[in-house]
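To start, the structure itself, in structure tokens.
The values are calculated or read from the model by the stated rules, or taken from the named source; none is laboratory data. Quick caveat, the model's predicted, so the values are computed rather than measured. Heads up, the Cβs are rebuilt from the backbone with ideal geometry, glycines too, and the neighbour counts pull from every protein chain shown. All accessible areas refer to the heavy atoms of the entire protein, side chains included, with ligands and DNA or RNA removed. Shrake-Rupley method; radii C 1.70, N 1.55, O 1.52, S 1.80 Å.
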Amino acid sequence: MSTDTSLSEQRRAAVAAALADVRQLLAGGDPDRAALAAITARLEALAAHKALFTRADFPPPEAGQGVGASTRYRLNAADGDEGLALYLNSILPGKTTQPHNHTTWAVIVAVEGQELNRLYDRTDDGSNPAQAQIRLAREFTVEPGASIAFLPDDVHSIHVVGESPTLHFHLYGKPLERLTGRIGIDPVTGAVTNYNRAHFEPSKVAA
């Protein structure tokens, strides 16, 4: 990572200012889709400062780690395990995930790279905790200038496309480490699993 203290300080200040604005937008409580649109716009403004979020400071995984390897950097680790959590994800092309929810709201904004999101409707009544029925509703590619937001029960999967690793902001209402109730859904069988238990890997702390 870069040892440019000034750049690190600028980055921390920019992140802190963005999250302060997001907290103002959340003053009315849990966000609806309109509030998420405003939060997304604020995060897009942060992403426009590309010089603060470089591959030198947030390197992707080494190619030898395998197709779709990923590194997640926590940008506001000093805020602890309560409240907002902002991450910068660097993922090699080829990464895919099982359809899953978040159990909190989420916003994904690109600094660089492309991530195809498949968005699903859940068609069952949720009465069987071990099974779910989902239907592909649409696809959307997150890239610079094209962002996406989710409410807690929204279900999506990601598929990193293109030839370059991603650098994408993922902002959550709570830290991923606390989202122990997330579910993953097998799109073929409908089997439900605990998503964090099956797939979660620790984040790195950004300088």
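Inspect the stretch 91-99 for any residue being in contact (Cβ under 8 Å) with a residue 12 or more places away in the chain, under 26 Å from Asp30 (Cα atoms), of a type in the set (Ser, Thr, Tyr) and out of contact with any Cys (no Cβ under 7 Å at 6 or more places or on another chain) and give the result as yes or no. Scanning the stretch 91-99 turns up no residue that is in contact (Cβ under 8 Å) with a residue 12 or more places away in the chain, under 26 Å from Asp30 (Cα atoms), of a type in the set (Ser, Thr, Tyr) and out of contact with any Cys (no Cβ under 7 Å at 6 or more places or on another chain).
Could you look through the stretch 12-58, keep only residues that are assigned to a helix (DSSP H, G or I) and of a type in the set (D, E, K, R), and pick out the one that is nearest to Thr104 (Cα to Cα)? Write out each step before concluding.
Taking the stretch 12-58 and keeping what is assigned to a helix (DSSP H, G or I), we get 12-25, 33-47, 50-52.
Restricting the remaining residues to those that are of a type in the set (D, E, K, R) gives 12, 21, 23, 33, 42, 44, 50.
Working: Arg12: 24, Asp21: 19, Arg23: 15, Arg33: 13, Arg42: 19, Glu44: 20, Lys50: 27 Å.
It comes out as Arg33.
Here is a check on your reading of the model: is Asp79 open to solvent by 50 Å² or more (accessible area, probe 1.4 Å) and closer than 20 Å to Thr180 by Cα? Yes; evaluated as a whole, the condition is true for this residue. Specify which of the listed residues (Ala16, Ala38, Ala34) is closer than 20 Å to Gly80 by Cβ and aliphatic (A, V, I, L, M). After applying the criteria, what remains is Ala16. Hey, does the stretch 166-184 have a residue that's on the phi < 0 side of the Ramachandran plot and more than 16 Å from the chain's Cα centre (by Cα)? Yes, the stretch 166-184 has at least one match. A Cβ distance below 8 Å, combined with a sequence gap of six or more or placement on separate chains, defines the contacts here; from the stretch 108-134, residues that are polar (S, T, N, Q) reach residues that are outside any strand (DSSP E or B) and surrounded by 19 or more Cβ atoms within 10 Å (Cβ to Cβ) in the pairs Gln114/Thr166. Contact map, the stretch 143-168: first residue without any contact (Cβ under 8 Å) to a residue 60 or more places away in the chain, second residue part of a strand (DSSP E or B) and among the hydroxyl-bearing types (Ser, Thr, Tyr), Cβ cut-off under 7 Å, separation 6 or more or different chains; pairs are Val155/Tyr120; His156/Tyr120. Listed by first and then second residue, the pairs with beta-carbon distance under 7 Å, at least 6 apart or on different chains, first residue in the stretch 52-71 and closer than 16 Å to Tyr87 by Cβ, second surrounded by 13 or more Cβ atoms within 10 Å (Cβ to Cβ) and aromatic (Phe, Trp, Tyr), are Phe58/Tyr73.
The condition of being without any contact (Cβ under 8 Å) to a residue 24 or more places away in the chain and not aromatic (Phe, Trp, Tyr) holds for Ala35. Of everything in the stretch 104-124 that is under 13 Å from the mean Cα position of the chain (by Cα) and outside any strand (DSSP E or B), the residue that is surrounded by the most Cβ atoms within 10 Å (Cβ to Cβ) is Trp105.
If the requirement is being open to solvent by 30 Å² or more (accessible area, probe 1.4 Å) and closer than 30 Å to Asp57 by Cα, which of these qualifies: Pro202, Pro152, Pro187, Pro165?
Working: Pro152 fails: closer than 30 Å to Asp57 by Cα; Pro187 fails: closer than 30 Å to Asp57 by Cα; Pro165 fails: open to solvent by 30 Å² or more (accessible area, probe 1.4 Å).
Answer to the selection: Pro202.
Within the stretch 82-103, restricting attention to residues that are open to solvent by 30 Å² or more (accessible area, probe 1.4 Å) and among the hydroxyl-bearing types (Ser, Thr, Tyr), the residue that is farthest from His159 (Cα to Cα) is Thr103.
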